[in-house]
Amino acid sequence: MNGRDMSYQAVMSRKNEIMKASLGIDYDDYIQSPIAFDYERMMAETGYTHDDVIRIQHETKVGNTPLFELRNLTEAVRRSSPPGKGARILLKDEAANASGSFKARRASISAYEALVKGYPGMIAATSGNYGAAVASQAAQRGLKAIIIQEVFDSRGIGQPEIIEKGRKCEAYGAEVLKLSVGPELFYLLLRTLEETGFFNASLYTPFGVRGVESLGLEIANQVRAAYGREPDAVVITHAGGGNLTGTARGLLAAGCEQTRIVACSVDLSGLHMASDHDFNRKSFTTGHTGFGVPFATWPDRVDVPRNAARSLRYMDEYQLVTQGEVFYVTELLTKIEGLERGPAGNTSLTAAITLARQMDQEQVVVVQETEYTGAGKHHNSQLSFARKNGIEVRRGDPGDSVPGESIVIPERLEQVRGKVQDLDRLRISYLNNAARIHPPDRWGEVDISFLAADLKVNTDWVRQRIGSLSQNDA
Amino acid sequence: MAKITAGTWVEIEQIILTPEQRAPTLPEDTKKVPYVLKVSGFLLAEAELGAPARVRTLIGRELEGKLKTVNPSYEHTFGQVVPELLTIGLEEDL
Ligand SMILES: Cc1ncc(COP(=O)(O)O)c(C=O)c1O
């Protein structure tokens, strides 16, 4: 701290020592090669069983959220589906957690860990909901919280949803460091960890993902109790991938091995995530492809040495939806189901409509979260801001929209149809990223097995693709 | 310029990295502008708007920067009505 070199390069080069001090996890213990590590052992050694997780979460107003059946929406979907089709759509009301989203699950175990290890406070770098969750959990545990958030462009302007998320962090008593656009959030995180000696409440630690597992467990139990079957599909909004990883692990722990795990993101292709100009041309602040695709295809790009959120390990399908489709479905949820909820949960709800249409009526599809809504964090706020910033907003065929230029809100439910991403393409992109870090001619058995598990394929699948990786710099 | 009294809730601004000090791989537009931090706290000693100042944040940390705003407030709203949304769900055939 004192007298230390605080330049970008110097702080970044102290990354490993800062991480070790701020987390108390020695990742070297799990690392097997530049790409492979013992993921399952790392997850097992968090020291928290599922019973511990549930008990800790109960203490701080997390978990045990209701599971609702969306009867009117299911009916509406059935009317536009082939005969016999139209699965029941269920919604897990995660907005009921303290701080208003599933992120409370993720922050709860970190807060507990920080407390028992004697840290005076915790720090998280986040797009917002997680910050509110950390601040709320810290407040309940008597810890200080610092939230580092990307808020405004070089004109000093931030979109309403981001401003609202910052407000919520401050409302719970956190210090909020509000930043202009750029990936140097990570630099400031390291610097602040070093200055304060606080706990690194990273989204990507085993504690964070473990905390989400209770969500998968609850879904399994609630669906079994109410419908006497296992969930046929669970749809999960995907950004950094922890939501999907934790939920899927919880479902597996509950024995739901046949449940189809479906990721969903808002399609923002063409917009650059580190661009000052593009920052305010998106109408979603998370759950979009700008996070979803890079994180799925290379999880180890985060603020800890190895990421506990590894979505391709668990994913069976990846749906994309447009901004306009999600806004339509948000309004529909309000008008026909009497529930006003925020954008992230409604992203997976949008994909669930497409899936339900293809599934049989006796099947169930679970939308595994909602999030809170309010001034700023509302589709009307976001759309009105978009319009003010020159984005065209109209009703029509959502397929005609161009991210950053237009938002096309469907005219009818049948126009909500989403689009699937080719999972093999994502897997190959992951392998290319791995090849850049560790050349394939040096991959040993441990690497091949790790890659196969991380991509939910067998080792032959990986071996067959090695030859085409070196030439193919995708 | 008017002095702002100690104890006032204010927002300060700091340049964290100048364009030259920023991360090496940035899009062109981002590379041209500094990396800026804003944070709120209670002013520790009387200061003028635009001048260097120190604050105590909600968690008690002391930070310094240029004094930018007095009583920084959240004024975000639901925005101007977007009429395209109003009829969704009311239409005859969904
Ligand atoms: C409410 C909500 N849902 C879903 C997500 C996506 O979760 P993940 O980043 O773990 O993929 C986020 C992340 O920002 C969120 O805040």
(Q) Checking the cross-link filter: which lysines have an alpha carbon closer than 20 Å to that of B:Lys32, excluding same-chain neighbours under 8 positions apart? (A) A:Lys178
Q) Comparing B:Pro34, B:Pro24, B:Pro72, which has the greatest mean-square fluctuation in the GNM of chain B with Cα pairs linked when under 10 Å apart? A) B:Pro24
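Need one value for A:372-385: mean number of C-beta atoms belonging to other chains within 10 Å of its residues' C-beta atoms.
Numbers: counts 0, 1, 2, 6, 6, 2, 4, 4, 8, 6, 2, 6, 7, 3.
Average neighbour count from other chains, rounded to a whole number: 4.
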**Q.** chain A: relative contact order in percent, alpha carbon pairs under 8 Å with at least 6 residues between
**A.** 18
Q.
Ranking request for peptides A:88-98, B:44-54: highest mean number of other beta-carbon atoms within 10 Å first, then the rest in descending order.
A. A:88-98, B:44-54
Q.
With Kirkwood's inverse mean 1/r over C-alpha pairs for Rh, give me the Rg to Rh ratio of region A:423-472, two decimals please.
A. 0.90
Q: Go ahead and run the numbers for FRET between B:Ala45 and A:Glu405, Cβ-Cβ distance against an R0 of 45 Å, rounding to 0.05.
A: 0.40
Q. Looking at the protein assembly as shown, what % of the alpha carbon pairs are farther apart than 46 Å?
A. 11
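If you stretched the chain out fully between A:Lys61 and A:Lys20, how much longer would it get, using 0.36 nm times the residue separation minus the C-alpha to C-alpha distance?
Numbers: separation 41, 0.36 × 41 = 14.76 nm, distance 2.97 nm.
Contour length minus Cα-Cα distance gives 11.8 nm.
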Q | Spin-label proximity, B:Gln21 to region B:55-69 - amide N less than 15 Å from point 7 Å beyond Cα toward beta carbon | A | B:64-66
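Considering only protein heavy atoms, what per residue accessible area in square angstrom results for chain B with a 1.4 angstrom probe? It would help to have the intermediate numbers written out before the result.
Details: 5310 Å² over 94 residues.
Computed with neighbouring chains in place, this is 57 Å² per residue.
Across region A:349-474, how large is the tail of the calculated P(r) beyond 26 Å, expressed as a percent of all Cα pairs? Before the final figure, lay out the partial values.
Details: 4112 of 7875 pairs.
Percentage above 26 Å: 52.
Mind checking the full-extension length gain between A:Lys388 and A:Met12? Use 0.36 nm per residue of separation minus the Cα-Cα distance, one decimal, nm. Mind dumping the intermediate values first?
Details: separation 376, 0.36 × 376 = 135.36 nm, distance 3.84 nm.
Answer, rounded to one decimal: 131.5 nm.
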Q) Averaged over peptide B:21-27, how many Cβ atoms belonging to another chain are found within 10 Å of each residue's Cβ? A) 6
**Q.** Pairwise Cα inverse-distance average, inverted: Kirkwood Rh of region B:3-86 (Å)
**A.** 15.0
Q. How big is the gap, in Å, between the Cα center of region A:340-362 and the Cα center of region A:165-218?
A. 29
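When only DSSP loop residues count, what trypsin sites (Lys or Arg not before Pro) in region A:146-209 have their Cβ near at most 16 other Cβ atoms within 10 Å? Kindly include the intermediate steps, with their values, before the conclusion.
Numbers: sites: A:Arg155, A:Lys165, A:Arg167, A:Lys168, A:Lys178, A:Arg191; in loops: A:Arg155.
Passing sites in region A:146-209 are A:Arg155.
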(Q) Just to confirm my numbers, what's the Cα centroid distance between region B:44-94 and region A:5-57 in Å? (A) 34
Q: Assign unit charges at the C-beta atoms only (+1 for Lys and Arg, -1 for Asp and Glu), then state the dipole size of the protein assembly as shown relative to its Cα centre in Debye, rounded to the nearest 20.
A: 640
(Q) Filter A:Lys20/A:Lys456; A:Lys15/B:Lys3; A:Lys103/B:Lys66; A:Lys335/A:Lys388; B:Lys31/B:Lys66 down to the pairs with a C-alpha to C-alpha distance above 32 Å, please. (A) A:Lys15/B:Lys3; A:Lys103/B:Lys66
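So what's the back-of-envelope 222 nm ellipticity for chain A, counting only DSSP H runs of four-plus at -39500 (n - 2.57) apiece and dividing by all residues, rounded to 500? Mind dumping the intermediate values first?
Working: 18 runs with 212 residues, N = 474.
Result for chain A: -14000 deg cm²/dmol, rounded to the nearest 500.
For peptide A:177-189, how many partner chain Cβ atoms fall within 10 Å of a residue's Cβ, on average?
Values: counts 7, 8, 6, 10, 7, 12, 6, 8, 1, 1, 6, 4, 0.
So the per-residue partner count for this stretch is 6.
To the nearest 0.05, what FRET efficiency results for A:Trp461 and A:Arg436 with a Förster distance of 22 Å applied to their C-beta separation? Please report the intermediate quantities before stating the final value.
On the way: r = 20 Å, r/R0 = 0.90.
Calculated value: 0.65.
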Q) Picking from A:Leu332, B:Ala47, A:Ile409, whose Cα lies most toward the positive end of the charge dipole for the protein assembly as shown (charges on Cβ: Lys, Arg +1; Asp, Glu -1)? A) B:Ala47
Q | Percent RCO, i.e. relative contact order, over region A:244-384, from Cα pairs under 8 Å lying at least 6 residues apart | A | 25
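Which of the peptides A:369-376, A:422-429 is most tightly packed, and how do the rest follow, going by the mean number of other Cβ atoms within 10 Å of each residue? It would help to have the intermediate numbers written out before the result.
Numbers: A:369-376: 23.5, A:422-429: 15.8.
Packing order, densest peptide first, comes out as A:369-376, A:422-429.
The values are calculated or read from the model by the stated rules, or taken from the named source; none is laboratory data. Small disclaimer: the values here were computed from a predicted structure and weren't measured. For neighbour counting, all protein chains shown are included, and Cβ atoms are generated from backbone atoms with ideal geometry for every residue, glycine included. Accessible surface is based on the protein model in full, side chains and every heavy atom, while ligands, DNA and RNA are left aside. Shrake-Rupley method; radii C 1.70, N 1.55, O 1.52, S 1.80 Å.
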